[in-house]
Amino acid sequence: MSEYGPLKFHVPEPPGRPGDAPNFDGIVIPEAGSVRRPDVDCPAADMKELASTMIRVLNTDGEAVGEWAEGLDDDVLLKGLKNMIRVRAYDERMMTLQRQGKTSFYMKCTGEEAIAVGFRAALSKGDMNFPTYRQQGLLLSTDYPMVDMICQILSNSRDPLKGRQLPIMYSSKEHGFFSISGNLGTQFIQAVGWAMASAIKGDTKVAAGWIGDGSTAATDFHASLVNASVYKPPVILNVVNNQWAISSFRGIAGGDHATFAERALGYDIPALRVDGNDFLAVYAASKWAVDRARHGFGPTLIEWVTYRVAPHSTSDDPSQYRPKEESEAWPLGDPILRLKNYLVARKLWSDEQQVQAEAEYNDEIRAATKEAESYGVMGSGASPKDMFDDVYKEMPQHLREQRQKMGV
Amino acid sequence: MPRMSMIEAIRDAMDVKLGQDDNVVVYGEDVGYFGGVFRCTAGLQKKYGTNRVFDSPINESGIVGTAIGMGAYGIRPCVEIQFADYIYPAYDQIVSEAARIRYRSNKDFTCPITIRTPCGGGIFGGQTHSQSPESLFTHVSGVKTVIPSNPYDAKGLLIASIEDDDPVIFLEPKRLYNGPFDGHHDRPASNWSKHPLGEVPEGHYTVEIGKAKVFAEGDDVTILTYGTMVYVAEAAVKETGINAEIIDLRSLMPLDIDTVVKSVEKTGRCMVLHEATLTSGFGAELAAQVQERCFYHLESPVVRVAGWDTPYPHAQEWDYFPGPARVGKELKAMMEA
Ligand SMILES: Cc1ncc(C[n+]2csc(CCOP(=O)(O)OP(=O)(O)O)c2C)c(N)n1
Ligand SMILES: [Mg+2]
């Protein structure tokens, strides 16, 4: 008889499915302030434990504690709160537009606002993000005109991308926002390349790659780590771990027992694992990594631990695959509420100001939507004539002929 | 006879094979518990367990690479790539590996895998949910490329693909999942429950890979097409009143050239119609073969109607898509030529 039993095929299972009680026992949450803050030139090998724990600044009493709480500018925090309120209000309004049939598609970042907004606050002009579709907070934290964003969503006559791209796949070089592709993972490695160019040219600009937990499975993620490891360019590799990739939980990307941050360690890349719903922690960690990159100490991978409160997209229904109460049970709370409570406790902000800010942003968004709609809704303003432009710099003969044939 | 949508027919094909053959496994992104973003595998994991039907990491080269490894072991994976637009990370595995394993090992190893993937436009999906990459596969020696246009063929061809000992790229025109679509996007959508091709036999049957179907008989011009364009051709023919023969190729590689030649020799004219971009599209191959084999029967040049040579645009979808008006116009022009 063989000493071996039959092998078993392993497929990871999430802790809960519809009908089950939410279960976040697997998410270990250290006390706020318990994680040390190394110097920005610390070798990766000397800070390995930061990939396995979780950097948190706000404690349960709403106080900012520990080494990562030091030197955070109140103005940035106030601005961050406002930007997060703006992002959430924008998402709600764009969902409404989709329901009204004025656009075909939308994706929200509800519950994840602190990450893009907090990270953007640590960047400087000239830096470049390579975002996914869930980083609208990067653009909405800049002076990029909201009307232009909505025109893109409506694919109307003022759509800066001329109707060519799916709604929300914005692009603005001036605002450090690289054109979103839609193919997962492809742009993470491009961020590494952009940062390599900054080093080749002897500049001081940094790049930021963005990827979801699910997409870390993509081959390009691993290509990014090896290239970042070899050339040590000024890049921040952001992994937004919102626990879900459509219907697949993080374990299907290999993130059940190992953290996503730990993937960097084998490449000698320093990694931080951060409470992504704690704006102070987000901003502090972002500043650390950007500072490190800009000083020439190379790449950092940051895993932002958060939760995708929203459906994957307007085409998705999460009640089909995860426990209904899961998002309420998420132990890291709501990033807006947490920052608000902190600022209110410090008397830098008030409930009235919160209500007022919400009203102001709603007004701003309503006005921007109205203006955008005046340029047309869903495809009504995009011209077929533009379709043939920009395939190449100079239009080749065959495209000129095709355009003529189409009669535009 | 049961009536099925194309989604149900595809699911039923996998169900039949999973039930008949312990060696069949089904996997892909969101394919297991959830049953696929288009629901093609809904219920299969529950029925057959996670050993047979499971979720994959978001890594298309991994999906195809592991399938090739399983095939080498002797089992038969039928994998899903969520959209054909996301198949490119797997292209190296398909082109350099799957396609050549039989040849380079002198059949010591084979690659009995099926790669299902939704293709084509018509759903306002923009450039990453609309592409028709069939010619990227027909250009590669060693893979078969199949594209059904209705529930009956979808089930029969998918069972044949899973049973095939060579790798098959199984393209599913997603705009046909729920009903035939003739390009009149402004009219109400129809569904398969009212269409004769929505009748799908229960249990096992196959549609032979490499056999085209004469979809509509006619005498004056042959339209060679496949996938969604079969119904666009049908509408254009109806609207122009031209007596055209529509051939649904169903399988691009291998190609049923005998059916093509027979029809073109009869009609003396040929239009090649596909959704994919024109240049170096599969239509170029068809036009070349028709010219080589039927030159002395042709009364006018072979005409290609296809997607324009641009990335698939979002808002201009209906300008881009070769709809019935464009097809009808070209048909009329060629009848006058
Ligand atoms: C290469 C590729 N494969 C598959 C898809 C389809 N797809 C779009 S989003 C998504 C899930 C991504 O999950 P994650 O990376 O966790 O990001 P999140 O949506 O949670 O922000 C999938 C599978 C795609 N866009 N590109
Ligand atoms: Mg995710």
Around A:Ala357: net Lys/Arg minus Asp/Glu count, Cβ-Cβ under 13 Å: -1
Using only protein heavy atoms and a 1.4 Å probe, how much accessible area in total is buried between B and A, to the nearest 100 Å²? 3200
Expected field for B:Thr240, accessible surface area in Å² at 1.4 Å probe radius, rounded to 10, holds 40
Provide a whole-number value for the mean count of partner chain Cβ atoms within 10 Å of the Cβ atoms in peptide A:107-118. 0
Please report the antiparallel percentage of DSSP beta bridges with both residues in chain B, rounded to the nearest 5. 15
Check each of the GluC sites (Glu not before Pro) in segment A:296-371 and keep only those in coil by DSSP with at most 12 other C-beta atoms within 10 angstrom; list them in order. A:Glu325
Would you mind telling me the antiparallel percentage of the DSSP bridges in chain A, rounded to 5? 15
For the protein assembly as shown, share of DSSP beta bridges that run antiparallel, in % to the nearest 5: 15
Excluding B:Lys266 itself, calculate the net charge of residues whose Cβ lies under 15 Å from the Cβ of B:Lys266, where each Lys or Arg counts +1 and each Asp or Glu counts -1. -4
Accessible-area ranking of A:Met406, A:Met149, largest first, probe 1.4 Å: A:Met406, A:Met149
Assuming R0 = 30 Å, what is the FRET efficiency of A:Asp46 and A:Leu348, from their Cβ-Cβ distance, to the nearest 0.05? 0.25
In segment A:1-57, the trypsin sites (Lys or Arg not before Pro) that sit in a DSSP loop and have at most 14 other Cβ atoms within 10 Å of their own Cβ are A:Lys8, A:Arg36
Roughly to the nearest percent, how much of the accessible area of the protein assembly as shown is carbon and sulfur, given a 1.4 Å probe? 50
Most mobile of A:Thr259, A:Thr132, A:Thr142 per a Gaussian network model of chain A (Cα springs, under 10 Å)? A:Thr142
As a check on your grasp of the helix formula, calculate [θ] at 222 nm for chain A: sum -39500 (n - 2.57) over DSSP H runs of n ≥ 4, divide by the residue count, round to the nearest 500. -11000 deg cm²/dmol
Over all alpha-carbon pairs of the protein assembly as shown, lay out the pair-distance distribution in 20 Å bins, whole %, shortest bin first. 16, 46, 31, 7, 0
Restricting to DSSP loop positions (anything but H, G, I, E, B) with no more than 13 other Cβ atoms inside 10 Å of their own Cβ, which trypsin sites (Lys or Arg not before Pro) remain in segment B:52-121? B:Lys107
Separation of segment A:296-351 and segment A:15-50 by C-alpha centroid, Å? 15
Find how much the distance from A:Asn362 to A:Arg99 grows on full extension, using 0.36 nm per residue of separation minus their present alpha carbon separation; answer in nm with one decimal. 92.9 nm
Largest first, how would A:Phe105, A:Phe130, A:Phe178 line up by accessible area (1.4 Å probe)? A:Phe178, A:Phe105, A:Phe130
Accessible surface, segment B:213-336, averaged per residue in Å² (probe 1.4 Å): 37
Inter-site label distance for B:Glu199 and A:Ser179 at 7 Å from Cα along Cβ, in nm: 5.0
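The values are calculated or read from the model by the stated rules, or taken from the named source; none is laboratory data. Treat the numbers as computed from the prediction; the structure is a model and nothing was measured. In this analysis, Cβ positions are derived from the backbone assuming ideal geometry, glycine residues included, and neighbour counts consider all displayed protein chains. Surface accessibility is based on the protein's heavy atoms, side chains included, excluding ligands, DNA and RNA. Shrake-Rupley method; radii C 1.70, N 1.55, O 1.52, S 1.80 Å.
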